[in-house]
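For reference, the structure discussed in these notes is given below.
The values are calculated or read from the model by the stated rules, or taken from the named source; none is laboratory data. Treat the numbers as computed from the prediction; the structure is a model and nothing was measured. Ideal geometry is used to build each Cβ from the backbone, glycine not excepted, and the neighbour counts take in all protein chains shown. In case anyone asks, the SASA skips ligands and DNA or RNA and just uses the protein heavy atoms, side chains included. Shrake-Rupley method; radii C 1.70, N 1.55, O 1.52, S 1.80 Å.
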Amino acid sequence: MAAASPSSLRVDIVSGFDPALVRVHGDLDIASAPSLRAALAPLLHRRVELDLTDVAFIDSSGINALAAHHRHCRVAGGRITVIEASKPVRRVLHITGVDEVLVHRRDPEGPGGGRCEDPPTTP
């Protein structure tokens, strides 16, 4: 299943697995964030792994879309985890603190590097 937007964003969803895999391609910005929100909305109750490897740019609208989906997932019983991200996206996730919410594992190359893993349980 693929969801396209008039912007430079493409969202590919492989929903036959648990967790569902969502691959995002292009820029995640003010023009494309609504398309990502729409593509993720039917998956609120599911566990979702998000691959942002092919996202070259993310702005505050993209960060807000990820954070909002994370909040809505928690209410609906789902979960979103960023499992891969491009270096520029990892950097923005780190600077904004979103990597802490999505539990971004650091690599030796510096802040925000590597894969994300499941969020920790909160007491």
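Values for this structure:
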| quantity | calculated |
| --- | --- |
| Residues (under 18 Å from Val75 (Cβ atoms) and within 12 Å of the chain's Cα centre (by Cα)) located in segment 27-46 | Arg37, Leu40 |
| Tally, over segment 20-65, of residues that are of a type in the set (S, T, N, Q) and not in a helix (DSSP H, G or I) | 2 |
| Odd one out for Ala68, checked against (1) in a helix (DSSP H, G or I); (2) under 20 Å from Ile13 (Cβ atoms); (3) open to solvent by 10 Å² or more (accessible area, probe 1.4 Å) | (3) |
| Candidates Leu50, Leu21, Leu28 - the one that is of a type in the set (A, V, I, L, M, F, W, C) and over 17 Å from Leu93 (Cα atoms) | Leu21 |
| Test for Arg106: is it among the basic types (Lys, Arg) and modelled with pLDDT under 90 | yes |
| Filter result for the condition that a residue is farther than 17 Å from Pro19 by Cβ, at pLDDT 95 or above and among the acidic types (Asp, Glu), over Asp99, Asp59 | Asp59 |
| Breaking point among (1) touching a strand residue (DSSP E or B) at 6+ places or on another chain (Cβ under 7 Å); (2) open to solvent by 30 Å² or more (accessible area, probe 1.4 Å); (3) among the hydrophobic types (A, V, I, L, M, F, W, C), for Ala31 | (1) |
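Conditions (1) at pLDDT 95 or above; (2) crowded, with 18+ Cβ neighbours inside 10 Å; (3) more than 23 Å from Glu100 (Cα to Cα), marked per residue:
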| residue | (1), (2), (3) |
| --- | --- |
| Ala4 | no, no, yes |
| Asp12 | yes, no, yes |
| Arg23 | yes, yes, no |
| Leu36 | yes, yes, no |
| Leu44 | no, no, no |
| Val55 | yes, yes, no |
| Val75 | no, no, no |
| Gly78 | no, yes, no |
| Thr81 | no, yes, no |
